[in-house]
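So the structure is just underneath, and the comments pick up after that.
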Amino acid sequence: MTQSRLAPAKINLALHVTGRRADGCHLLDSLVVFAGTGDWLHVTPAQDVSLQVLGPRAAGVPTGPENLVLRAATLFDSQRGVRICLEKHLPHAAGIGGGSVNAAAALLSLAELWNLPLPKSERILALGADVPVCMAGRPTRMRGIGEVLAKVPALPTIWLVLANPGVAMPTAPVFRGMKTVDGSGLIPPAWKGFDDFVAWLSTQRNDLEAPARALAPGIDIALAAISDQPYCALARMSGSGATCFGVFASEPAACRAATAIRAAYPRWWVTATPVL
């Protein structure tokens with residue numbers, strides 16, 4: 001019997017780079033949320049482990065052992081088989097955690113399918129710094145290199161408009177473009193409603209936005225297209241880019257904004273989605 005799981009897009013509403021370890025890994029302080037849109041992972045019992053990638057954004061996704069979904073499967077050290085179908089809807093190298101949310105979905109799905117405990121946390125972290133927070137799947141403050149997770153106050157109802165101008169942004173060049181890597185951390189998360197949340201978020205930042213914008217001018221166009229929409233409370237880039245988001249208080253406002261942006265830039269990936 002096939003089991004299916006959404007691998008929701010990961011959005012860094014704020015991302016502060018607070019240092020760099022001796023091994024070169026950057027230290028972060030980030031507010032991470034998850035969207036109601038994403039890829040889908042389907043798993044079916046089988047004799048061997050296999051991966052098939054389908055969907056509108058399957059082109060270019062590796063299907064060999066370098067794929068994080070297959071790497072996640074190997075962490076169970078199990079002799080059991082599974083047929084995995086990854087249905088790709090999220091753009092690649094987009095700053096919304098496509099590979100990490102797929103790996104997290106694979107770990108959760110296989111643990112359930114095989115009735116096995118999850119691998120140890122250090123092995124999960126070795127898959128990628130974002131995988132632990134993607135397994136949490138809820139609004140979270142993420143610190144360290146991704147291993148320190150803390151709950152945050154309940155978020156108000158938030159809708160996001162996500163827009164990617166068709167630019168793939170490898171993470172390494174963006175980090176190399178930073179002028180400093182020892183910024184301050186987040187102001188402790190605290191809010192009591194939508195307006196209060198936006199006021200808090202507007203005092204935070206994404207330290208990767210400036211170097212990403214220098215590498216890909218299309219990010220500037222995306223940010224302007226989002227912020228120009230009526231009722232957009234704040235526009236910012238997610239992760240290392242190039243996906244940008246706008247914060248809205250209601251579904252109708254977000255949907256109207258997404259429709260307008262999609263009409264103006266039909267080749268972009270644009271969607272309106274709630275924060276889960």
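For residue 93, the requirement of being of a type outside the set (Ser, Thr, Tyr), open to solvent by less than 60 Å² (accessible area, probe 1.4 Å), within 14 Å of the chain's Cα centre (by Cα) and modelled with pLDDT under 95 is met. When segment 16-58 is filtered for residues that are within 17 Å of the chain's Cα centre (by Cα) and open to solvent by 50 Å² or more (accessible area, probe 1.4 Å), the ones remaining, listed by number, are 40, 57.
Being within 25 Å of residue 276 (Cα to Cα), of a type outside the set (Phe, Trp, Tyr), in contact with a strand residue (DSSP E or B) (Cβ under 6 Å, 6 or more places away or on another chain) and open to solvent by less than 60 Å² (accessible area, probe 1.4 Å) is true of residue 13. Exactly one residue out of 199, 222 is over 13 Å from residue 158 (Cα atoms), within 20 Å of the chain's Cα centre (by Cα) and either surrounded by fewer than 17 Cβ atoms within 10 Å (Cβ to Cβ) or hydrophobic (A, V, I, L, M, F, W, C) (or both), and it is 222.
Taking residue 16, is it assigned to a strand (DSSP E or B) and within 28 Å of residue 115 (Cβ to Cβ)? Against the criterion (assigned to a strand (DSSP E or B) and within 28 Å of residue 115 (Cβ to Cβ)), residue 16 does not qualify. Summed over segment 193-211, the residues that are touching a strand residue (DSSP E or B) at 6+ places or on another chain (Cβ under 8 Å), farther than 14 Å from residue 15 by Cβ and assigned to a loop (DSSP other than H, G, I, E, B) give a count of 0.
Looking at the structure I just gave you, is residue 183 touching an Asp or Glu at 6+ places or on another chain (Cβ under 6 Å), part of a loop (DSSP other than H, G, I, E, B) and in contact (Cβ under 8 Å) with a residue 24 or more places away in the chain? For residue 183, the condition - touching an Asp or Glu at 6+ places or on another chain (Cβ under 6 Å), part of a loop (DSSP other than H, G, I, E, B) and in contact (Cβ under 8 Å) with a residue 24 or more places away in the chain - is met. Return yes when residue 207 is of a type in the set (Asp, Glu) and out of contact with any helix residue (DSSP H, G or I) (no Cβ under 7 Å at 6 or more places or on another chain) and no when it is not. So residue 207 fits the description; yes.
The strands (runs of 3 or more DSSP E) located wholly in segment 212-276 that include 2 or more residues which are without any contact (Cβ under 8 Å) to a residue 60 or more places away in the chain occupy 234-237. If you check 69, 82, 61 for being open to solvent by less than 80 Å² (accessible area, probe 1.4 Å), of a type outside the set (S, T, N, Q) and at pLDDT below 95, only one passes: 61. Name the residue that is surrounded by the fewest Cβ atoms within 10 Å (Cβ to Cβ), counting only residues in segment 138-178 that are more than 19 Å from the chain's Cα centre (by Cα) and within 22 Å of residue 93 (Cα to Cα). Ranking the candidates gives 176 first. Looking across segment 102-122, the residues that are in contact (Cβ under 8 Å) with a residue 12 or more places away in the chain, surrounded by fewer than 16 Cβ atoms within 10 Å (Cβ to Cβ) and of a type outside the set (A, V, I, L, M, F, W, C) come down to 112, 121.
The values are calculated or read from the model by the stated rules, or taken from the named source; none is laboratory data. Computed from a predicted model, the values in this text were never measured in an experiment. Every residue, glycine as well, gets a Cβ built from its backbone with ideal geometry; the counts of neighbours run over all protein chains shown. Accessible surface areas use protein heavy atoms only, side chains included; no ligands, DNA or RNA. Shrake-Rupley method; radii C 1.70, N 1.55, O 1.52, S 1.80 Å.
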